[in-house]
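The values are calculated or read from the model by the stated rules, or taken from the named source; none is laboratory data. Model, not experiment: these values are computed from the prediction. Quick reminder, even Gly has a Cβ in these numbers, built from the backbone with ideal geometry, and neighbours come from all protein chains shown. Accessible surface areas use protein heavy atoms only, side chains included; no ligands, DNA or RNA. Shrake-Rupley method; radii C 1.70, N 1.55, O 1.52, S 1.80 Å.
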Amino acid sequence: MRKLLFFFSLMVSSVTMAQNMKVVQFNELTNDLTANRYGTSKTDENGETAALIKIVTPETGFSFDGGSLGIVAVENKAGEIWLYVPRRAQRLTISHSAFGVLRNYAYPVPIEGAKTYEMLLDIGTGVYATITAPVAKSEVYIDNEYVGQVPVYNKYLNYGKHTIRAINGKIEGTVEQYVTADKKSLSIDVEMKDMSHLYGDVRVLVDNNADIIFQGKRVASGLWDTQLKEGSYVVETRKTNYEDSKTSFTVKRGEKHTINAIAPSPYTGYLSVYTRPQGVSSIDERGKYIDLSEHTPVLVGSHQFTFQKKGYVSQNREYTLERNQVVKDTVELQPIQYFKPFAFYFGAGYTVRTLSGATGIIGATYRNHDVQLNYTFGLSSSSAVNTYDDTGNYQSRLSYKMNSIGVKYGYQVMLTRKMAVVPQVGYSVNMLTAKQEDGSVSFGDGASCKALTIGAKFLAVPMKHVYVFIAPEYGIAMGKDKSFDLISTQADFSQGGFAATLGIMATF
């Protein structure tokens with residue numbers, strides 16, 4: 001029974017609205033050139049510029065019938081419908097599924113092409129109102145909905161009670177308006193007063209420089225200073241890739257308020273990275289260490305991570321995460337190759353032998369084959385040697401230093417990741433330089449001895465690209481001139497024998 005009564009009341013309401021739908025105003029807009037302007041004009045079937053009727057109505061979903069002359073075009077605009085009709089159109093039928101039919105409405109003025117007209121269509125549920133206020137550019141709100149700045153023309157108000165507010169800064173006014181069917185139109189003037197005494201100072205703060213939204217509008221980022229009328233309010237904070245947050249607060253007249261708004265919550269995904277070996281550190285783009293061994297929440301977007309461990313080659317990875325997405329990955333670090341299969345090196349050291357000196361080294365390795373060139377600059381001097389002429393007369397007293405140049409070949413064998421040995425064979429030339437301590441005759445300057453060397457180079461790596469080494473060797477004299485043989489015997493130094501070089505090298 002209740003369903004039948006509801007259906008009957010709906011039918012009665014529809015019939016009533018259909019009977020009440022009418023045109024309350026129709027006139028030409030003499031200063032409106034929309035119908036004859038490029039981009040908004042239309043032509044009919046005869047190629048003539050059509051007339052434009054701007055139908056003001058709060059609803060959509062209408063159908064139009066122009067009779068034998070027809071309709072040129074229909075366009076729905078905000079708050080109105082643009083109906084293009086041919087020149088000399090006389091009648092119009094308007095239909096709607098809820099509001100019924102307005103049949104054969106006769107235009108009260110002749111319809112001319114390329115001209116614009118306005119029709120106020122009353123759908124039978126309210127009246128059209130004009131709203132004014134004494135302060136120019138005041139914003140008008142009807143039932144808390146913004147409808148524009150004063151004056152507001154042809155605003156359709158449904159029957160019933162409406163709250164109309166006009167606001168301009170701290171000057172505002174409110175009118176309670178009852179709309180009834182006994183009036184064809186309304187003219188509402190909102191009286192306004194200065195409400196400064198009702199306001200309080202408000203400062204809103206939010207972290208991360210988030211946007212502050214108040215009454216649907218973005219008003220600031222991070223910090224907002226304003227004055228609000230006493231009452232309760234809500235601010236919303238927003239940030240890209242963050243969950244919006246809302247904060248409620250109350251304003252008291254004449255007081256200062258500091259509101260620490262709730263910051264938006266970041267959208268996160270989850271990153272889980274398994275690493276080999278264990279103990280690998282992961283560092284984000286900010287330089288902060290972060291544990292990615294579990295499902296770690298990470299802000300959505302692209303992020304750079306560096307994975308590193310002492311003794312291993314670091315890796316950089318980029319991950320792009322979406323909201324609530326879980327990204328898994330495996331990162332395997334490779335051990336640092338301290339001893340490269342192909343490398344150049346150079347270094348310096350000190351060679352300990354019967355006549356010691358400083359040694360410079362340069363060389364290269366290729367697939368563990370090691371070729372080295374070295375030069376030793378003599379520093380220590382031999383014992384003094386006296387020289388005599390053929391008749392036995394004294395000539396000079398001389399001491400000697402020995403310079404050496406040599407080449408060596410070896411094969412590099414890694415003992416550990418940071419230690420290696422290079423067995424070596426080589427060939428060297430040892431040359432003497434004489435220093436006169438007394439007398440005027442020089443003897444043996446430039447005397448030389450050639451030698452075959454056998455030894456090894458032991459390498460250790462204190463840090464990447466740096467080696468320390470010790471290279472013992474034994475030299476076998478193979479060729480020497482008479483002066484070298486005589487001097488070495490008298491000065492009592494070895495023509496070959498044992499030697500060892502201790503030093504440091506750089507590799508690249």
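General observations
- Restricting ILE142, ILE188, ILE164 to residues that are at pLDDT 95 or above, touching a strand residue (DSSP E or B) at 6+ places or on another chain (Cβ under 8 Å) and within 20 Å of ILE123 (Cα to Cα) narrows the list to ILE142.
- Cβ-Cβ under 9 Å pairs, at least 6 apart or on other chains, segment 58-71 side closer than 16 Å to GLU45 by Cα, far side of a type in the set (Asp, Glu): LEU69/ASP44; GLY70/ASP44; GLY70/GLU45; ILE71/ASP65
- Where strands (runs of 3 or more DSSP E) fall wholly inside segment 396-508, the ranges with 1 or more residues that are free of Cβ contacts under 8 Å to residues at least 24 places away in the same chain are 413-416, 448-463.
- Wholly within segment 32-125, strands (runs of 3 or more DSSP E) carrying at least 2 residues that are farther than 27 Å from ALA181 by Cα: 51-56, 73-77, 80-85
- For segment 238-257, a residue qualifies if it is open to solvent by 90 Å² or more (accessible area, probe 1.4 Å), of a type in the set (Ser, Thr, Tyr) and not in a loop (DSSP other than H, G, I, E, B), and exactly one does: SER248.
- Restricting segment 258-269 to residues that are at pLDDT 95 or above and part of a strand (DSSP E or B), the residue that is least open to solvent (accessible area, probe 1.4 Å): ILE259
- Counting residues in segment 229-237 that are at positive phi, open to solvent by less than 60 Å² (accessible area, probe 1.4 Å) and either touching a residue at least 12 places away in the same chain (Cβ under 8 Å) or in a strand (DSSP E or B) (or both) gives one or more.
- Answer residue from segment 205-237, given it is closer than 18 Å to SER265 by Cβ and of a type in the set (A, V, I, L, M) and is nearest to the chain's Cα centre (by Cα) among those: ALA210
- Unique residue being without any contact (Cβ under 8 Å) to a residue 12 or more places away in the chain, surrounded by fewer than 16 Cβ atoms within 10 Å (Cβ to Cβ) and closer than 30 Å to VAL206 by Cβ when the list is LYS288, LYS310: LYS288
Table: residues versus (1) of a type in the set (A, V, I, L, M); (2) surrounded by 15 or more Cβ atoms within 10 Å (Cβ to Cβ); (3) within 30 Å of PRO341 (Cβ to Cβ).
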position: LYS408; (1), (2), (3): no, yes, yes
position: VAL421; (1), (2), (3): yes, yes, yes
position: ASN430; (1), (2), (3): no, yes, no
position: GLY446; (1), (2), (3): no, no, no
position: GLU473; (1), (2), (3): no, yes, yes
position: ILE476; (1), (2), (3): yes, no, no
position: LYS480; (1), (2), (3): no, yes, no
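- Only one of TYR274, TYR319 that is in contact (Cβ under 8 Å) with a residue 24 or more places away in the chain and either open to solvent by less than 40 Å² (accessible area, probe 1.4 Å) or part of a loop (DSSP other than H, G, I, E, B) (or both): TYR319
- Residue check, GLY279 touching a Lys or Arg at 6+ places or on another chain (Cβ under 8 Å), closer than 30 Å to LYS418 by Cβ and exposed (fewer than 12 other Cβ atoms within 10 Å of the Cβ): yes
- Residue within segment 339-351 that is open to solvent by 60 Å² or more (accessible area, probe 1.4 Å), out of contact with any Ser or Thr (no Cβ under 6 Å at 6 or more places or on another chain), at pLDDT 95 or above and farther than 21 Å from PRO462 by Cβ present: no
- Scanning segment 126-150 for residues that are part of a strand (DSSP E or B), touching a Lys or Arg at 6+ places or on another chain (Cβ under 8 Å) and more than 17 Å from ILE81 (Cα to Cα) returns VAL127, ALA129, THR130, ILE131, VAL140, TYR141, ILE142, VAL147, GLN149.
- Restricting segment 354-387 to residues that are open to solvent by less than 50 Å² (accessible area, probe 1.4 Å) and not in a strand (DSSP E or B), the residue that is nearest to SER488 (Cα to Cα): SER382
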